[in-house]
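Asker: Here you go, one structure.
The values are calculated or read from the model by the stated rules, or taken from the named source; none is laboratory data. Fair warning: this is a prediction, and the values are worked out from it, not measured in the lab. With ideal geometry, Cβ positions are generated from the backbone for all residues, glycine too; neighbour counts draw on all protein chains shown. Side chains included, ligands, DNA and RNA excluded: accessible areas come from the protein's heavy atoms. Shrake-Rupley method; radii C 1.70, N 1.55, O 1.52, S 1.80 Å.
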Amino acid sequence: MEMTRVGRNCTLLVFICMLAVSPALVVHAGSIDPWGAADELRSTLFAAQRGLLTGAEDTLDQVSKAEQIYRDVLRPKIADAASSTADVLDACFAQLKRAAEARDSLAFANGRGNLWAVLLSGSAYVVYHALERGDGETAKAWLMLREYRKPTRFARPGADATLAVNAFLQGKRSANDALTAVRVDLLDTYQARLNEALLDASEAQKKQFGVKLAEETGLAAGYFDILSDAYTQQRGEQATVQIHSDFDALMKATVTGDSSAFQVSMTTVNESLKHFRAAPLSEAEQARRAGQLLRYLSLVPIEYGRGIRDGKIANDIEIQEAITFLEGAQTAFTDLQLSLNERDSAATQKAADLLSALEAQIKSVAEPSTVETTANEVSATLTPLFPAEWTALNSGADFDVIGSVIDQIEAAAKQGEYALAESARIEAYAVLDTGIEQKLRGFAPDLAAKVENLFWQGDAEQPGLAVLLATRAPINEVKQGLVALRNALDEAQTLLENSKSAPEAVVGNAAIIVFREGLEAVVILASLVASLRGAAALRLRRSVMLGAGLSLIATAITWVIANSIINVLAKYGERLEAVLSLVAIGVLLLITNWFFHKTYWTGWMAELHTRKAQFMGGTFVIGPSLGLVILGFTSIYREGFETVLFLQSLVLDAGLRVVIEGVALGLVGVAIVGVMVFNLQMRLPYKKMMIVTGVLIGVVLLTMVGNTVHVLQAVGWVPITPIYGVYLPYWMGRWFGFFATWQGIIAQFAATVFVIGSYILAEHLSANRREEARSKNEAVTQGIR
């Protein structure tokens, strides 16, 4: 018993010694998330940095502790995803140990900053690697180990990467799509961080903050490591090697305190990064930045003019707002500079110089007229460089500007400057009134009225801003009004950004159209080849099928041509969508009219059979085979051409990929029917199938009419009369084209009446013709008797 007790005590003593020797073992005995480990590592190295400055003796131990955390938790995954990055991190820890031993605080700060940024790079590679393998859980865990853009009045922290990974885990997004979104988000974030680090380094150098300077240059070099692959793709391997060398020289200059070398290296690095954008903006984002640029720029002289009286600053708040809006314009310009430079480098440089001159004029308290002239010149220089789609109505840019101006309302009210707050309210409402309000009234008239009320009088529950500011309400009440307005604007932005038709609905509509037209083509072909039986007619049947095959090729070529024309005309935006939607409605009305009109079907099929008889009887100069090829081609191409015309409006609404999915689905259905008819010789209930698909086409028609009226209202071609008191959730608009405006509802009702009425009329005429034929037959019979 005594020996057993001694053994237990020894075991306990050994365990306690192990915990004392390896503190990391306590922390990491269980599973710890990457962000938790990285945060502890960072805190440990910060403590080491502080100890180095205060003369503590445990700096090296702190570095070893941080390295142990890295090796236990972080290094395995990083090495698996990017072994070279793991090697760089190993070298960073070696540098920190040398700096700790040498008591070199500058080298330590530089290494600490560089290690953290490289660790972020390693995390990014782990996320990329995990998504490439379809491992969403690992991607989600490691995505926590990242930084975000610093929020400003012109940029909010993005969550695109997180949303993309979550969507992938929920099965709503493919791994490749999620990977693309993550790359764009992280590259955009770390380029912004790189620019901030370089600016902070320059400021630290001016103020002679040596430790801060060393840390920021280390961070900058590490951030660039994250962007280096994109830099290589755009500039080439040699340029990447050179800029890495420049960053090394920059860090060396900060550690050695060589100011001259620092200036040279900083200039070289900035010049190498000029016009580089790691994650190029999409067309939509470019249009948004262009809208921000022009709108913010237009506000600069307004705010500046209000703040200057007799050549002196009369109101600091207005001048600060002018500077803030100018910063917003400069930020947007920087994001667009690469694209603009490709269009006209001289004009782009002129705009950059003018923006710098505008900033100098404001700081030197120039005359308001001078500032206004310069701002107008910037706009005049840039506007010709913008494609038409950039200058079209851009809801996102409008919301950005309105949000910035609303911030100004709150700032002015806090200082008791209610007159200035009122001026800002008018500015924000002017942006709303001249931009997105028309479109919002089309999509959600009740919400549009709510937003307008919150800007002005308000309601029984919430006074409007105009009332609050006019009565100089307490700041808490003003804040409540602003919160209500911001919430309403957020709801409006969400609605407008999701105002396009639901992709699933577009896939279904495209599939229905393709299947219906394909079904009609199958019926036509079956009718044409029905009488061509036997081995002797095999060559003639093949001629008809060859013509049908050629018509499919011609339809595909027509699609490419139509899509190319649409791409050329895409700059007209919603106006083009409105015109194509009208064309699509015309096609649908024609289809439904023909569908229910027995006169059409009977006449069209009779004409085809007449032509077939003429070709086979030698009426035309060309032989039967070529004649039947032409007959097969013309009979099917007609259906293909109608389909192409209709689908173009869907392409503008939801994009090419979504429409192609619907086309593929419809073609699968047509192929199945074709096999059943031509290979299995099955007799299908064509009439019932036509009726069912006809009803589905009617639903598509109603949806298309509602969406088309809506687009016409958005571009201002059709007035908007809201159905007040009626609220339709936005999903009804996305799926079925139902919006609470009288124009849309009446148009959909009229389309329904037209289709049903044309069917009734056709049946009536058909019955009359049958009655006339029966009467004639009876008269002839009686005459014979």
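Asker: Tell me, please, whether a residue that is at pLDDT below 80, open to solvent by 40 Å² or more (accessible area, probe 1.4 Å) and part of a helix (DSSP H, G or I) can be found in the range 399-413.
Answerer: Looking for residues that are at pLDDT below 80, open to solvent by 40 Å² or more (accessible area, probe 1.4 Å) and part of a helix (DSSP H, G or I), one finds none in the range 399-413, hence no.
Asker: Looking at VAL264, VAL255, can you tell me which residue is in a helix (DSSP H, G or I), open to solvent by 10 Å² or more (accessible area, probe 1.4 Å), farther than 30 Å from PRO387 by Cβ and in contact (Cβ under 8 Å) with a residue 40 or more places away in the chain? Talk me through it step by step, then tell me what you get.
Answerer: Values: VAL264 fails: in contact (Cβ under 8 Å) with a residue 40 or more places away in the chain.
The conditions single out VAL255.
Asker: Does VAL63 count as more than 14 Å from LEU41 (Cβ to Cβ) and in contact (Cβ under 8 Å) with a residue 24 or more places away in the chain?
Answerer: On the way: more than 14 Å from LEU41 (Cβ to Cβ): no; in contact (Cβ under 8 Å) with a residue 24 or more places away in the chain: yes.
Spelling it out, it is not the case that VAL63 is more than 14 Å from LEU41 (Cβ to Cβ) and in contact (Cβ under 8 Å) with a residue 24 or more places away in the chain.
Asker: Tell me the residue from ALA130, ALA117 that is surrounded by 19 or more Cβ atoms within 10 Å (Cβ to Cβ), farther than 23 Å from LEU96 by Cβ and touching a residue at least 12 places away in the same chain (Cβ under 8 Å), please. Even if it seems obvious, please write down each step before you answer.
Answerer: Values: ALA117 fails: farther than 23 Å from LEU96 by Cβ.
Being surrounded by 19 or more Cβ atoms within 10 Å (Cβ to Cβ), farther than 23 Å from LEU96 by Cβ and touching a residue at least 12 places away in the same chain (Cβ under 8 Å) holds for just one of ALA130, ALA117, which is ALA130.
Asker: Check GLU321, GLU327, GLU359 and return the single one that is open to solvent by 70 Å² or more (accessible area, probe 1.4 Å) and either outside any loop (DSSP other than H, G, I, E, B) or in contact with a His (Cβ under 8 Å, 6 or more places away or on another chain) (or both). Before the answer, list the steps.
Answerer: Working: GLU321 fails: open to solvent by 70 Å² or more (accessible area, probe 1.4 Å); GLU359 fails: open to solvent by 70 Å² or more (accessible area, probe 1.4 Å).
Criteria check complete, one pass: GLU327.
Asker: Taking the condition of being within 23 Å of the chain's Cα centre (by Cα), part of a helix (DSSP H, G or I) and at pLDDT below 75, how many residues in the range 704-735 meet it? It would help to see each step written out before you state the result.
Answerer: Our first condition is that a residue be within 23 Å of the chain's Cα centre (by Cα); within the range 704-735, this holds for 707-708, 710-711, 714-715, 729-735.
With part of a helix (DSSP H, G or I) added as a condition, the list becomes 707-708, 710-711, 714, 730-735.
Subset that is at pLDDT below 75: 710-711, 714, 730-735.
The total comes to 9.
Asker: Next up: So the check is Cβ under 9 Å with 6+ separation or different chains; which pairs have a first residue in the range 201-224 that's under 23 Å from SER121 (Cα atoms) and a second one that's among the acidic types (Asp, Glu) and crowded, with 24+ Cβ neighbours inside 10 Å?
Answerer: ALA201/GLU215; ALA201/GLU216
Asker: Among the numbered criteria (1) at pLDDT 85 or above; (2) open to solvent by 60 Å² or more (accessible area, probe 1.4 Å), which one does LEU468 miss?
Answerer: Just one mismatch for LEU468, condition (2).
Asker: Now for a different question. Could you list, in sequence order, the residues of the range 365-376 that are part of a loop (DSSP other than H, G, I, E, B) and either in contact (Cβ under 8 Å) with a residue 40 or more places away in the chain or open to solvent by 80 Å² or more (accessible area, probe 1.4 Å) (or both)? Let's see the steps before the verdict.
Answerer: To start, the set of residues in the range 365-376 that are part of a loop (DSSP other than H, G, I, E, B) comprises 365-367.
Matches in the range 365-376: VAL365, GLU367.
Asker: So, LEU656, is that one of a type outside the set (D, E, K, R), at pLDDT 70 or above and open to solvent by 60 Å² or more (accessible area, probe 1.4 Å) or not? If you could, list the steps in order and put the result at the bottom.
Answerer: Numbers: of a type outside the set (D, E, K, R): yes; at pLDDT 70 or above: yes; open to solvent by 60 Å² or more (accessible area, probe 1.4 Å): yes.
Spelling it out, LEU656 is indeed of a type outside the set (D, E, K, R), at pLDDT 70 or above and open to solvent by 60 Å² or more (accessible area, probe 1.4 Å).
Asker: ASP58 passes all but one of (1) touching a Gly at 6+ places or on another chain (Cβ under 9 Å); (2) surrounded by fewer than 16 Cβ atoms within 10 Å (Cβ to Cβ); (3) closer than 15 Å to TRP116 by Cα; which number fails?
Answerer: All conditions are met except number (3).
Asker: Could you check the range 273-291 and list, in sequence order, the residues that are closer than 17 Å to GLY236 by Cβ and open to solvent by less than 30 Å² (accessible area, probe 1.4 Å)?
Answerer: Passing the criteria: LEU273, PHE276, ARG277, ALA278.
Asker: Then there's this: Answer with yes or no whether LYS97 is closer than 24 Å to GLU216 by Cα, assigned to a helix (DSSP H, G or I) and open to solvent by 10 Å² or more (accessible area, probe 1.4 Å).
Answerer: When the stated conditions are applied, LYS97 passes them.
Asker: Still on this structure: Could you check GLU367 against (1) at pLDDT 90 or above; (2) touching a Leu at 6+ places or on another chain (Cβ under 8 Å); (3) charged (D, E, K, R) and say which number it fails?
Answerer: If we test GLU367 against (1) at pLDDT 90 or above; (2) touching a Leu at 6+ places or on another chain (Cβ under 8 Å); (3) charged (D, E, K, R), just (2) comes out false.
Asker: Among LEU219, LEU294, which is closer than 26 Å to ARG50 by Cβ and part of a helix (DSSP H, G or I)? Give the steps one after another, and end with the answer.
Answerer: On the way: LEU294 fails: closer than 26 Å to ARG50 by Cβ.
Step by step, each of LEU219, LEU294 is checked, and only LEU219 is closer than 26 Å to ARG50 by Cβ and part of a helix (DSSP H, G or I).
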